[in-house]
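Student: Questions regarding the structure given below will be posed in turn.
The values are calculated or read from the model by the stated rules, or taken from the named source; none is laboratory data. A quick note: this is a predicted structure, and the numbers were derived from the prediction, not measured. A quick note on method: Cβ atoms are made from the backbone with ideal geometry, for glycine too, and the neighbour counts reach across all protein chains shown. Please note that ligands, DNA and RNA were not included when accessible areas were found on the heavy atoms of the full protein model with its side chains. Shrake-Rupley method; radii C 1.70, N 1.55, O 1.52, S 1.80 Å.
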Amino acid sequence: MPGNKRTEVVVIGAGLAGILTAFYLQRHGLHVVVVEANRIGSGQTGYTTAKITSQHNLIYDKLVRTVGEETARLYGKANQMAVEEYGKLIKRYSIHCHYEPMDAYLYSVQESEVLLREAECAARLGLPASFVRQTGLPFPVHGAVRFTGQAQFHPLEFLRDISAELTIFERTKVIKVQGHDVVTDKGVIKAEKVVFASHYPFVNMPGFYFAKMYQEKSYVMEFEPVESLHGMYLGIDERAYSFRNVGDKLLLGYGSHRTGKAPKDSPFSTIKRAGGHLFPEAREIRRWTAQDCMTLDSIPYIGPFSSLRPDWYVATGFGKWGMSSSMAAAKILSAQITGRKTPYDGVFSPQRHHLKAAAGTLASHGLESVKGLSAGTIPGAVNCPHMGCRLVWNRYDKRWECPCHGSSFEINGKISAGPAQQSIPFID
């Protein structure tokens, strides 16, 4: 990106949410520029199990109880619309991305009542949900919620094709955003609208997203050969696993925890033992971690960044459901930026206040942040350059992690995930 630029919309972040938003805006006739600090799809999009589903764990019964049936219905409708939109795009543009229709299951080996309530609630909201007792898993379950009409794919292959005609400046780091000026390390882009699609917003104020979100880390290992399990699976029990086939391979996930609070036992060791027990003929191919932004009420923030910045927009807080949430965000933001309202604007509004849904999480999140900030005042502490929280070493992932807001750093101090924008200064 040599020199300064001018455009109608700048999208910060070339992950799935950013690319899809730019794609739809360009289809509406706007001139769009995407800037990415690294390479396209190099963030969390490349570390997902890529389940395209409106089944988001035990979400619907919870939403009905905390934010009301109509909001829960619109949340489900937006995500099911997103699932179906992927199929339409992939067919229309003949995108080769290992797309495969696949039912999604939420299972338990211990109980069934909570799953029965979730299935009945989701079905009442108009989602393709039912309660079943038989699955393709290699062990018996007490019960499961099945969502039909879901899918899986390879998100990086999808990004390659869907981004082909977009203007993307890779290895272009945004330093700051001032009004309509997006200041990068290679020049300034003046834009009428700015979209923050960088996983976790790096601008602290206005918006105060650091007070409204935290991050969670989870662990995945890939094994082969493993026969098809005929579905995508997520367990709800305390020591449950996520299963998803990729051809004759299996992605086995486990061990979600707040970033900066790693468990005593290695999640990778636990996964390896489970894989060896369930699939004794399979061998490990690779392993990785994923990091997800969690909101206080379990609903993403999609819409205007702040009432003080009417020309800024944001898409963040997707939890562990970035595939459907990215598509929903792209459809909502592209409509809002082009002057159209959607039925989902209020549901995902970053300015919403769901006190009943957020109260417990807000207290817990606030306490963790206070502890991390207080520890950061200790002389000699390794502090996060975002807001000064004391960093914690994750010996399983071999990274420094911020327990306040989830920034992480390589062993040499190089930043690997935000909201921090800088490496650890005295380690470099």
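Student: All but one of (1) in contact with an Asp or Glu (Cβ under 6 Å, 6 or more places away or on another chain); (2) closer than 29 Å to VAL392 by Cα hold for LYS249; state the number of the condition that does not hold.
Tutor: (2)
Student: So in region 275-286, with the set limited to residues that are surrounded by fewer than 16 Cβ atoms within 10 Å (Cβ to Cβ) and not in a helix (DSSP H, G or I), which one is nearest to the chain's Cα centre (by Cα)?
Tutor: The extreme case among them is ARG286.
Student: List the pairs whose first member sits in region 334-354 and is over 19 Å from GLY76 (Cα atoms), whose second member is open to solvent by less than 20 Å² (accessible area, probe 1.4 Å) and part of a helix (DSSP H, G or I), and whose Cβ atoms are under 8 Å apart, counting only residues at least 6 apart or on separate chains?
Tutor: SER334/THR21; SER334/TYR24; SER334/LEU25; ILE337/LEU25; THR338/LEU25
Student: Any residue in region 368-382 that is under 20 Å from TYR47 (Cα atoms), loosely packed, with under 14 Cβ neighbours inside 10 Å, at pLDDT below 90 and more than 20 Å from the chain's Cα centre (by Cα)?
Tutor: No; the residues of region 368-382 include none that is under 20 Å from TYR47 (Cα atoms), loosely packed, with under 14 Cβ neighbours inside 10 Å, at pLDDT below 90 and more than 20 Å from the chain's Cα centre (by Cα).
Student: State whether the residues of region 11-22 include one that is more than 16 Å from SER325 (Cβ to Cβ), in contact with a helix residue (DSSP H, G or I) (Cβ under 7 Å, 6 or more places away or on another chain) and in a loop (DSSP other than H, G, I, E, B).
Tutor: no
Student: Out of everything in region 42-87 that is among the small types (Gly, Ala, Ser) and under 18 Å from the mean Cα position of the chain (by Cα), what residue ends up being farthest from ALA123 (Cα to Cα)?
Tutor: Here the answer is SER42.
Student: Give the number of residues within region 137-154 that are open to solvent by less than 10 Å² (accessible area, probe 1.4 Å) and not in a loop (DSSP other than H, G, I, E, B).
Tutor: 6
Student: Of everything in region 252-269 that's under 13 Å from ARG395 (Cβ atoms) and of a type in the set (Ser, Thr, Tyr), which residue is farthest from the chain's Cα centre (by Cα)?
Tutor: SER269
Student: On to the next question. How many residues are assigned to a loop (DSSP other than H, G, I, E, B) and of a type in the set (Lys, Arg) if we restrict to region 201-223?
Tutor: The number of residues fulfilling the criteria is 1.
Student: So for region 85-95 (the condition being out of contact with any Leu (no Cβ under 6 Å at 6 or more places or on another chain) and over 29 Å from ILE168 (Cβ atoms)), does at least one residue qualify?
Tutor: Taking every residue of region 85-95 in turn, none turns out to be out of contact with any Leu (no Cβ under 6 Å at 6 or more places or on another chain) and over 29 Å from ILE168 (Cβ atoms).
Student: Can you confirm whether region 98-119 contains a residue that is within 30 Å of SER416 (Cα to Cα), more than 20 Å from the chain's Cα centre (by Cα) and not in a helix (DSSP H, G or I)? If you could, list the steps in order and put the result at the bottom.
Tutor: Narrowing region 98-119 to residues within 30 Å of SER416 (Cα to Cα): 98-99.
When the remaining residues are screened for being more than 20 Å from the chain's Cα centre (by Cα), the result is 98.
Still in the running and not in a helix (DSSP H, G or I): 98.
Yes, some residue in region 98-119 is within 30 Å of SER416 (Cα to Cα), more than 20 Å from the chain's Cα centre (by Cα) and not in a helix (DSSP H, G or I).
Student: Considering only residues that are within 30 Å of GLY388 (Cβ to Cβ) and either open to solvent by 60 Å² or more (accessible area, probe 1.4 Å) or among the hydroxyl-bearing types (Ser, Thr, Tyr) (or both), which ones fall in region 253-264?
Tutor: Within region 253-264, SER256, THR259, LYS261, LYS264 meet the criteria.
Student: Let me ask something else about it. Which of the residues that make up region 271-325 are more than 27 Å from SER42 (Cα to Cα) and of a type in the set (D, E, K, R)?
Tutor: Answer for region 271-325, where residues must be more than 27 Å from SER42 (Cα to Cα) and of a type in the set (D, E, K, R): ARG273, GLU281, ASP297, ARG309.
Student: Here is a further query. Answer yes or no as to whether ALA262 is more than 24 Å from GLU8 (Cα to Cα), at pLDDT 95 or above and not in a strand (DSSP E or B).
Tutor: For ALA262, the condition - more than 24 Å from GLU8 (Cα to Cα), at pLDDT 95 or above and not in a strand (DSSP E or B) - is not met.
Student: In addition: Can we say LYS272 is more than 12 Å from the chain's Cα centre (by Cα), among the charged types (D, E, K, R) and closer than 18 Å to MET213 by Cβ?
Tutor: no
Student: On the given criteria, is GLY255 at pLDDT below 95 and in a strand (DSSP E or B)? So that I can check it myself, show each step before the final result.
Tutor: Values: at pLDDT below 95: yes; in a strand (DSSP E or B): yes.
Criteria met by GLY255.
Student: For region 110-127, which residues satisfy the criterion of being open to solvent by less than 70 Å² (accessible area, probe 1.4 Å) and either at pLDDT below 95 or over 16 Å from GLY149 (Cα atoms) (or both)?
Tutor: SER112, VAL114, LEU115, LEU116, GLU118, CYS121
Student: Quick one: would you say TYR200 is surrounded by 21 or more Cβ atoms within 10 Å (Cβ to Cβ), at pLDDT below 95 and among the hydroxyl-bearing types (Ser, Thr, Tyr)?
Tutor: Yes; evaluated as a whole, the condition is true for this residue.
Student: Checking ASN79 against (1) among the polar types (S, T, N, Q); (2) part of a helix (DSSP H, G or I); (3) open to solvent by 10 Å² or more (accessible area, probe 1.4 Å), only one condition comes out false. Which one?
Tutor: (3)
Student: Suppose we filter region 204-236 for residues that are exposed (fewer than 14 other Cβ atoms within 10 Å of the Cβ) and closer than 25 Å to GLU284 by Cβ; how many remain?
Tutor: Total meeting the criteria: 4.
Student: Another one. In region 37-55, which residues are assigned to a loop (DSSP other than H, G, I, E, B), in contact with a strand residue (DSSP E or B) (Cβ under 7 Å, 6 or more places away or on another chain) and open to solvent by less than 20 Å² (accessible area, probe 1.4 Å)?
Tutor: ALA50, THR53, SER54, GLN55
Student: For region 6-47, name all the residues that are of a type in the set (Ser, Thr, Tyr) and farther than 21 Å from GLU85 by Cα.
Tutor: First, pick out the residues of region 6-47 that are of a type in the set (Ser, Thr, Tyr): 7, 21, 24, 42, 45, 47.
Residues satisfying the conditions are THR7, SER42, TYR47.
Student: I'd like the full set of residues that are in a loop (DSSP other than H, G, I, E, B) and at negative phi, limited to region 317-341.
Tutor: Quick first cut of region 317-341, residues in a loop (DSSP other than H, G, I, E, B) only: 317-321, 338-341.
Those that are in a loop (DSSP other than H, G, I, E, B) and at negative phi: PHE318, LYS320, TRP321, THR338, ARG340, LYS341.
Student: Here is a follow-up. For region 237-252, what are the residues that are among the hydrophobic types (A, V, I, L, M, F, W, C) and open to solvent by less than 40 Å² (accessible area, probe 1.4 Å)?
Tutor: ALA240, PHE243, LEU250, LEU251, LEU252
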